[in-house]
Each structure stands twice: as C-alpha cells, then as structure tokens.
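The values are calculated or read from the model by the stated rules, or taken from the named source; none is laboratory data. Values in this document were obtained by computation on a predicted structure and should not be read as measured data. When we count neighbours, we look across all protein chains shown, and the Cβ atoms used for this are built from the backbone with ideal geometry, even at glycine.
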Amino acid sequence: MIILDVNKLTINFGYGSLFENLSFSLNEGESISIIGPNGSGKSTLLKIIAGLEKADKGQVSIKKGAKVAYLDQTGSSVKDDRSAYNILKSAFGELLELEKQINAFQQKMETGTVSNKDIEKYCNLMEKFSVAGGYDIEIIINTVVEGLKINKNILNQSYNDLSGGEKTLIQLAKALIIKPDLMLLDEPTNHLDIQRIEWLENYLKSFGGASVIVSHDRYFLNKMSNKILDLDNGTGKLYFCNYSQFIEEKQRDFENQMTEYKSQQNLIKRLDEQRKYFAERGMATNSSSLCDRAHALQSQIERLKKCEISKPKTMKKLNVDFSKERKSSKKIISVKQLTVFLSNETKVIDNINFEIFAGERIALIGANGSGKSTFLKAIMGMQTLKMEGEIFLGPSLKIGYLPQIISFPKADQQLLQYFMNEIGLDEQKARQILAGFQFYQEDVAKRVDNLSGGEKMRIKFAELMQQKINVLIFDEPTNHIDIPTKEVLEEAIKNFDGTLIFVSHDRFFINKFAEKIIEFKNGKIQTYIGNYDYYKQHLK
C-alpha cells in the first residue's frame, strides 16, 4: 500500500529551479535515499514532505492517519528548556493525554463518589491505554536509549544545556520512539559512532513503516536503501537499487548520454556542412531547388536543436597534488606503555604498545570517547592531558594533520587574505591554488568563519598540499561533507604514497583505504590486518 506519493514537485528560489516536476512514491516497508551535492535540495524536499515548507507546484500525499516522524539535521539549534527525558516522553503524545485523563478519574474516585457511568468510562480509558502500549512507555524509551548508548546522566539535564551531538542523539531517539508509519531522516548518522550506526541500521530494518533518508554515509545507504533518488540533475532520477548499484547504473547512464550527445552533435555538424554546400551552390547557380534543399536542411537542424540532448555534466575534480617528502625511516612511530588520564584520573588509554611503519594505511576505530582522537593528539604533541609512557617519532617525519574540529586564526578575514597570509604567497598564486580547490571569484571574498563544513575541509586541505609531507593524519576527514566532495578527497588521498593514519566512522572510507585496523576499547587496543569488512567478518 502506498504511504507517500510525491507528484510533480517544483520549487524555485528565484535563481532557477532547485528541482522541477519531481515525482516518486513509497510503499509501506520501503526505504528511499535522496542523494546529490550540497545545494541540490535534499533537505528542502524532506521539509516539503514534512509540511514545513511549500513547493511552488505539485503536491505531496501521505496515507490518511499515518504518523510521521521528522529528524532535522539542524535540530541541535532548537531551544527547549525541558529535560531530555521529557522530550523523549513527549513522543507518546496521545498516550500521555490518556494517562492524564486516567489520573484525573483516579483523583475523582479518591476524593468523592463516582457514578457507574464514570467507572465505565474509566475502565474504557484503561483498556485503551493498555492496548495502545501505555504500559510499555518506559521499556520503549530504555530500548532506544540503550541502543543509541545515550548516557542516562543526560536524561535529566535541560535540553538547552546539552552539546550539539547529544541534542542530535535525543532528536534521533525521539523520532525512533514515535514508531511512525513514515520516517523522514536528515543525516541520521551525524555524530554517531560505528556501534550506534549499526544499531540504527538494525532498528530501521525491523521498522515496519516507510522511510525517506538523506545521508552522506555511503555504507549506510547501501544497507538501508532499495530506491535511490538522485537530485544531481535538477529533476531527480529514480534508481531501484542500493548505492553501489546506483553508482554503476549512473556511470552507464553518463556513458550512454555522452554517446547520444556526441552522435547528435556530429549529425548536426554534417547537416550544417551540407546546408552550407547547397546554399552556396544555389546562390552561385541561381538554382531554387538547391536553395530549397538548403532551407529544408536548416529546418531539420532547428528541429534537432529543439530536442537537443544535453551534454552530461562531469564532477569537477580538485586540482591537487601532495608535495611529498618521501624519505622516511621504515619504523616511523613507536608507542610504548602509553597511558593517558582524564582529569578525574580515569585512564582513557591504558598501557598500549604498537608500531607504525612507513607506507601503512591505518584506521583507528572505536566508540566515541574510546581514546582515538586522544591518541592522535598524543602523536601530534598536542595532548594536554596527563600522560605516561613513550612516543617515538622518526626524525624524517613530515606530518600533515587535518583535525576533527577545523578552526582558523583570524577567522573574520576574507578567504583570499587568510590563505595568502597562512601560506605566504602573492595574490595571483593564491588565487590559482584556491581555484584548484573550487574557490572562484565570489568564493574567495567569503569570510572564513562563514564557510560550510565542506569548504573548511577544502581550505585546510589546500594548506596541507603546500607542505612537504610523508605522513597524513586525519581525524574524521569525511564528517559533514557531501558525497561528491568525499570522492574528490578520496581521489587525492589515493594519489598519496606516504603513510596514512586516520580516525573515521565512515565505513565506506575505511574499506577503501585501511590495510590495518586498530580498535580502541576500554582503554586497550586490538589490531586487525585488513579493511572494515574483514574486521566485521573476524568478529563474527
């Protein structure tokens, strides 16, 4: 049975259509993922389905009586002075209203006489409350809280006092608790570690309703989707497959369209050459039949141009290359009996030992707070926590570091001025490099603190490229960037032949680059030789 029908949606923000005549439908139990570059309208489409924004044309139909849950990726900016627990409990709006009526009847029975009619009504309310799952409220909340590993200490805190990541977890938990018929999820895996993401995948797979998902997590898309809506072309093309199959089909579509485009352009060129020939001969010989032939060819060319096949767009690549310092000793990092203490003397890293050799590609994985970023900061000499043990760095190491939280000195500067000052280049050379990272005329005038997450990553990456490095250390490099930008970053990393050490919850990225996985858990580490799929298979 169809639960969602989107019919010929068009939205225009004044500078052209964001998308036009967009249509798709979703049955109960189906999941569709909306993908496309930043600015293609993914979040806008979710808001239109949720009824928070209106389209210029078209309509959205949702099955009558269906419950809808919407997770907004900007939910962490919402102000709410209720406790986190009360926000979760508010998901049971109808049950709470029934409970309120039941409590009122109970008070009435305790303080005065009640009629048989009142007792009958009370019994009906109790039965309705029970059948609707009223006695399972705590069980449902606890199941989701435990599955998402939400620290129970935060449940009694004011929502306004929570961190951005904690707020996102609460909003996601509330969306799941509602148990809707239609779930709208905008970047549900943001701020989640791998364990939480995999629990969410299993939860959603057992979810009987339909879901519309916006995500840049390609592994998650592979697991969750049986339909892909690609908004890259402005109209939206529907693919009946998962993400990996979509990539293959889209490449075939690109090649077919390019073949058809070239064939049509060649035909137009041949017809135009014939037209010119007949027009010139007709004028030279004063032949009306030759001129008529030229006019007929012109009409044919104009008909072809009216239904001209558009040239398929190719994703612009970052024009980047690492200034590599290739010389490095075989053993580049050695860690002996490293222990790092939190402020309360708890050991976040407890007596670990291992070595890293030149050319290795190592992923550090583990739950949030397990010590991954702490370890990276220890290597970088940036750790402010109390430490014991030894860290040896090879004398020829040249490290390029991309932190999880990207910040800039003098962030109120314009991008061009900032880059010139940081790299020590003249304006012409700075503009040339920035253009290679897709920062053009109007972009370089932006204030640095107004850049998006993807833009901040690109500018930091541009800085790294100007240094001679043989070790790359990344802390969550693919966070908050869209899939096309991830693919560009990955292409640049693929061309780097030095040592790569990175923290990531992006399983697709880990699979692509990791040759060794180091898992941080309970202060200790465990090493696996292989990528993420090998690691998961080993655990089984």
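Exactly one residue among Leu402, Leu425, Leu376 is in contact with a Pro (Cβ under 8 Å, 6 or more places away or on another chain) and of a type in the set (A, V, I, L, M, F, W, C), and that residue is Leu402. Scanning the stretch 423-435 turns up at least one residue that is surrounded by fewer than 16 Cβ atoms within 10 Å (Cβ to Cβ), over 30 Å from Asp193 (Cα atoms) and under 25 Å from the mean Cα position of the chain (by Cα).
Condition first: buried (at least 18 other Cβ atoms within 10 Å of the Cβ), in a helix (DSSP H, G or I) and at pLDDT 85 or above. Can you find one or more residues in the stretch 379-397 that meet it? Within the stretch 379-397, one or more residues are buried (at least 18 other Cβ atoms within 10 Å of the Cβ), in a helix (DSSP H, G or I) and at pLDDT 85 or above. Residues of the stretch 241-286 that are over 22 Å from Leu231 (Cβ atoms) and either in contact (Cβ under 8 Å) with a residue 60 or more places away in the chain or of a type in the set (S, T, N, Q) (or both): Thr259, Ser263, Gln264, Gln265, Asn266, Gln274, Thr285, Asn286. Against the conditions (1) more than 30 Å from Lys486 (Cα to Cα); (2) among the basic types (Lys, Arg); (3) in contact with a Phe, Trp or Tyr (Cβ under 9 Å, 6 or more places away or on another chain), Lys89 satisfies every one except (3). Per the conditions (1) at pLDDT below 90; (2) farther than 20 Å from Ile2 by Cα; (3) in contact with an Asp or Glu (Cβ under 9 Å, 6 or more places away or on another chain), the sole criterion not satisfied by Leu231 is (3). Per the listing Lys179, Lys149, the residue uniquely on the phi > 0 side of the Ramachandran plot, of a type in the set (D, E, K, R) and in contact with a Lys or Arg (Cβ under 7 Å, 6 or more places away or on another chain) is Lys149. One residue stands out among those in the stretch 74-110 that are at pLDDT below 85 and not in a helix (DSSP H, G or I): the one that is nearest to the chain's Cα centre (by Cα), which is Thr74. When restricted to residues that are under 15 Å from Ala462 (Cα atoms) and either hydrophobic (A, V, I, L, M, F, W, C) or in contact with a Gly (Cβ under 8 Å, 6 or more places away or on another chain) (or both), the stretch 490-510 contains 3. Among the residues making up the stretch 246-267, those that are surrounded by 15 or more Cβ atoms within 10 Å (Cβ to Cβ) and of a type outside the set (Asp, Glu) are Phe246, Ile247, Lys250, Gln257, Tyr261, Gln264.
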